[in-house]
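Heads up, the thing below is written out as structure tokens.
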Amino acid sequence: MLRVDNGSLALAFLPRVGGRLMSLRVDGREVLWRNPRYLDDDLAPVLPFAQWPRSDGTFATWANVGGSKTWPAPQGWNGDGEWAGPPGSVLDSGEWSVEVLEAPEAVTITLSSSDDPRTGLRIVKRFVVPVIGTRFSQHTEFVNVSERTITWSIWEVAQVDTGMARDSGGVVEVGVLDTRIVDLGSYHGAAAVEHRDGIAIVPVQDAVVKRGFPSGSGHIAYREPPGFGVQLSFTPIPAAEYPDEGSRAELWMQAPLDAPIAELEGLHPDAWLVELEVLSPLVTLAPGGVATFDIEWRVTAG
């Protein structure tokens with residue numbers, strides 16, 4: 001585990017398991033969801049790493065440890081143009097290398113995956129954490145390390161803990177240009193959405209759903225009154241092609257269920273969480289080509 005603390009923000013990275021941003025604390029309160037089956041409150045392993053599930057390619061064997069991770073989109077199981085994960089032995093759960101550069105104004109953490117033969121990718125992520133404040137940046141690169149032409153979108157998936165939100169009025173807010181929403185999966189309940197002043201507002205609720213926002217205007221956030229929250233901001237490209245019916249931002253919301261979801265190969269939602277997801281346009285890369293995507297994180301303590 002690699003930790004960075006500027007006094008206001010405390011970040012922890014887990015290079016050994018998919019190069020995750022594993023913990024994000026503001027004034028001592030955790031923002032990201034962590035699976036207590038695998039890591040305790042101090043981020044120490046509950047089980048030895050060797051005893052974590054080994055993937056057979058299905059959701060039922062995914063060690064969903066939590067945090068924020070970078071995947072290729074579109075997700076799917078229909079051929080080389082889709083990422084058949086999670087789980088994924090390289091990009092999602094493989095060991096990533098790490099470098100740290102300290103400077104007077106910021107600390108820079110660079111995480112790099114191994115080469116993934118399935119997707120043809122190496123993923124490189126650079127986090128720049130200023131020595132003061134509650135904002136930081138993330139620069140991600142997809143490098144085509146294969147000998148073939150590939151097409152992918154850079155997809156950041158931040159799992160946020162909503163366990164306290166049922167009584168506090170927690171909501172997800174997505175900046176949008178219109179009211180279009182893509183139903184990418186409805187497994188339990190229905191997600192009520194309100195549109196107001198260019199924002200799609202989705203209260204935390206008893207539902208397990210996936211939604212896409214084709215007109216995403218550049219941010220997705222989780223907020224609780226009186227102001228605690230986290231926001232991921234990005235720059236959409238209006239004329240570009242995006243995966244998942246054009247979705248620039250996506251939301252996975254879940255509440256605990258009594259049983260696994262058959263349609264999702266045994267995925268069993270057993271915690272309150274939301275995934276704040278932002279995507280780059282689909283980019284076609286010749287061998288050696290590089291695609292980039294920049295995200296600005298802003299955390300507020302309330």
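The values are calculated or read from the model by the stated rules, or taken from the named source; none is laboratory data. Keep in mind it's a predicted model, so treat the numbers as computed, not measured. Heads up, the Cβs are rebuilt from the backbone with ideal geometry, glycines too, and the neighbour counts pull from every protein chain shown.
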**Prompt:** Does any residue of segment 257-277 turn out to be closer than 16 Å to L177 by Cβ and either crowded, with 17+ Cβ neighbours inside 10 Å or without any contact (Cβ under 8 Å) to a residue 24 or more places away in the chain (or both)?
**Reply:** no
**Flag if E194 is at pLDDT 95 or above, more than 21 Å from the chain's Cα centre (by Cα) and not basic (K, R)** = yes
**Prompt:** Among the residues of segment 136-154 satisfying the criterion of being more than 15 Å from P72 (Cβ to Cβ) and surrounded by 17 or more Cβ atoms within 10 Å (Cβ to Cβ), which is nearest to the chain's Cα centre (by Cα)?
**Reply:** Q138
**Message:** Tell me the residue from I109, I132 that is of a type in the set (V, I, T), more than 16 Å from the chain's Cα centre (by Cα), more than 27 Å from E265 (Cα to Cα) and not in a strand (DSSP E or B), please.
**Reply:** I132
**Asked** On the given criteria, is D206 farther than 20 Å from F59 by Cβ, in a loop (DSSP other than H, G, I, E, B) and either aromatic (F, W, Y) or at pLDDT below 95 (or both)?
**Response** yes
**Item:** Scope segment 159-184; condition at pLDDT 95 or above, under 26 Å from I261 (Cα atoms) and in a strand (DSSP E or B); matching residues
**Value:** Q159, V160, V171, V172, V182, D183, L184
**Residues being on the phi < 0 side of the Ramachandran plot and not in a loop (DSSP other than H, G, I, E, B) - total across segment 33-74** = 15
**Asked** Applying the selection to segment 112-129, what residues are more than 18 Å from V17 (Cβ to Cβ) and not in a loop (DSSP other than H, G, I, E, B)?
**Response** R126, V128, V129
**Item:** Filter result for G216 (within 17 Å of R180 (Cα to Cα) and in contact with a helix residue (DSSP H, G or I) (Cβ under 8 Å, 6 or more places away or on another chain))
**Value:** no
**Message:** Suppose we keep only residues that are of a type in the set (A, V, I, L, M, F, W, C) and surrounded by fewer than 16 Cβ atoms within 10 Å (Cβ to Cβ) within segment 106-135. Which one would you say is farthest from D27 (Cα to Cα)?
**Reply:** V131
**Matching entry among W77, W62 (being surrounded by 17 or more Cβ atoms within 10 Å (Cβ to Cβ) and not charged (D, E, K, R))** = W62
**Message:** Residues that are assigned to a loop (DSSP other than H, G, I, E, B), closer than 28 Å to R223 by Cβ, at pLDDT 95 or above and not hydroxyl-bearing (S, T, Y): does segment 279-292 have at least one?
**Reply:** yes
**Message:** Please go through (1) more than 15 Å from the chain's Cα centre (by Cα); (2) polar (S, T, N, Q); (3) within 21 Å of P281 (Cβ to Cβ) for Q75 and return the number of the only condition it doesn't satisfy.
**Reply:** (1)
**segment 95-106, residues that are in contact with a strand residue (DSSP E or B) (Cβ under 8 Å, 6 or more places away or on another chain) and assigned to a loop (DSSP other than H, G, I, E, B)** = W96, E105
**Request:** Name, by its number, the condition in (1) surrounded by 15 or more Cβ atoms within 10 Å (Cβ to Cβ); (2) free of Cβ contacts under 8 Å to residues at least 40 places away in the same chain that does not hold for D178.
**Result:** (1)
**Complete:** Of the residues in segment 52-110, those that are at pLDDT 90 or above, touching an Asp or Glu at 6+ places or on another chain (Cβ under 6 Å) and over 17 Å from W155 (Cα atoms) come to T110
**Asked** Among L47, L39, which is the only one that is surrounded by fewer than 16 Cβ atoms within 10 Å (Cβ to Cβ), more than 23 Å from H139 (Cα to Cα) and at pLDDT below 95?
**Response** L47
**Message:** Going residue by residue through segment 233-253, is there one that turns out to be over 23 Å from M164 (Cβ atoms), assigned to a strand (DSSP E or B), in contact with a helix residue (DSSP H, G or I) (Cβ under 8 Å, 6 or more places away or on another chain) and of a type in the set (A, V, I, L, M)?
**Reply:** no
